[in-house]
Amino acid sequence: MLFNSNDYYLNAYDKSNGQLQWKHYMGWKSNVPPFFVDSTVWMQTGENEAIQLNLRTGSQKGKLPVSTVETKPAVKNNILYATGIYNGGCLFAYDLKADTVLWYRFLAHGCSITPYYLQDRIIANAEGNNWLEIGYDGALIAKGCDSIEVGYPSELPCVKQFIALSHDGKEIREDFLQRFFSADAEGLSFYNTAHHTFIAGNSRLLVLGDNLKGKKAIEISSLSDSLELEDDESVSILQADESNVWMLIAGRLILYDYQNKKLVKAADLSPWEPHQVVPDGERLWLISRKDGLLYGLTW
């Protein structure tokens, strides 16, 4: 279990016994998680450098030719695709063997949003609800759009406008969401599995099948008698599979069987003031907002 701590270190703990295996000084208190590529850990230092660490020992293997890696990478044919800072905020392709950036495309602040890596194209955020379709060769899918000069990628005429993509690649737009949620779309949490799309707001959990067909609309307040939500209360979908969904709601962790409409488990995590929670079987890994420590909890 790798964990960024308040003392500027990246720490690796053995999940079975809680023993510290190694630690590596990052030089800053990072809220950016480390990323894994095969047996290598990628992390960002306080010197605006992205470096590689050996996962087993924590020793540094080398520096990357980018300043930061902002979102979880994807690997295809030994080429890694990610967003980060490289001549500005961008999407880039990095050759793992040659240790070089093959191409990059400017996204501005859109680089902080994880792209959708589809079979034949990448759909990357160009700030706000603006998205660009980009081939794995770095070229825009729309013909002729690359030749148009604009100040920001969001100004390109081939930009598509939507909130998110469903599991089967359908565009989820604001007018669709307004049918189910009264809150602003920016406050919604999205999660895709192979066959379902989950959307959660402070009042409702929506489970969608193919072609944005609504399979279930579940009132959040009905999940547990102990849930008392304020209008501005956030709901985060932590994990989901084809039967269950894990949600963090008002400091409570809820495991809900949406297929059988049954509450499986609930745990009150509010004493820890959870900043990040990762379900792991019968155990929870929790970073506390109160003290910045990592906790392993059995539930």
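Readers should treat all values here as calculations from the given coordinates under stated rules, not as data from a laboratory. This structure is a prediction, so every number in the text was calculated from the model and none was measured. Neighbour counts run over all protein chains shown; Cβ positions are idealised from the backbone, glycine included.
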Residue (of ALA98, GLY151, GLN239) at the positive-pole extreme of the chain, dipole from beta-carbon charges
ALA98
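Taking R0 as 22 Å, what's the FRET efficiency between THR298 and GLU273 from their Cβ-Cβ distance, rounded to 0.05? Could the numbers behind the result be given before it?
Values: r = 19 Å, r/R0 = 0.88.
E between THR298 and GLU273, to the nearest 0.05, is 0.70.
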Charge dipole of the stretch 20-74 about the Cα centre (unit charges at C-beta), most positive-ward option of LEU55, THR68, GLY27
LEU55
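Fewest first, what order do GLU47, GLU171, GLU70 take by the number of other Cβ atoms within 10 Å? Provide the component values of the computation, followed by the final result.
On the way: GLU47 11, GLU171 15, GLU70 23.
Fewest-to-most ranking of GLU47, GLU171, GLU70: GLU47, GLU171, GLU70.
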Candidates ILE79, ILE148, ILE134, ranked by Gaussian network fluctuation over the chain, Cα under 10 Å, top entry
ILE148
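Please give me the summed charge of the neighbours of ALA124: other residues whose Cβ is under 12 Å from its Cβ, Lys and Arg +1, Asp and Glu -1. If you can, show how the numbers build up before the last one.
On the way: positive: ARG105, ARG121, LYS160; negative: GLU70, GLU127, GLU133.
So the environment of ALA124 carries a net charge of 0.
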So in the chain, which Cys have no other cysteine's beta-carbon sitting under 4.7 angstrom from theirs?
CYS90, CYS111
In whole Hz, with x marking every Gly and Pro, tabulate ³J(HN,Hα) for the stretch 60-71 from phi via Karplus 6.51 cos²θ - 1.76 cosθ + 1.60, θ = phi - 60°.
6, 9, x, 9, 9, x, 10, 7, 9, 10, 8, 9
Got a sec to turn the phi values of the stretch 267-282 into Karplus ³J(HN,Hα) couplings, 6.51 cos²θ - 1.76 cosθ + 1.60 with θ = phi - 60°, whole Hz, x for Gly and Pro?
9, 8, 9, 4, x, 8, 6, x, 9, 8, 10, 10, x, 8, x, 7
Which ³J(HN,Hα) values, rounded to whole Hz and listed in residue order, are derived for the stretch 138-153 from phi using the Karplus coefficients 6.51, -1.76 and 1.60 in 6.51 cos²θ - 1.76 cosθ + 1.60 with θ = phi - 60°, glycine and proline given as x?
x, 8, 5, 5, 5, 5, x, 6, 5, 7, 8, 8, 9, x, 10, x
Report, by chain and number, residues whose modeled amide H sits under 5 Å from the one on GLN239, excluding near sequence neighbours (fewer than 5 apart, same chain).
TRP246
To the nearest 20 debye, what charge dipole does the chain have about its Cα centre, counting +1 at the Cβ of each Lys and Arg and -1 at the Cβ of each Asp and Glu?
740 debye
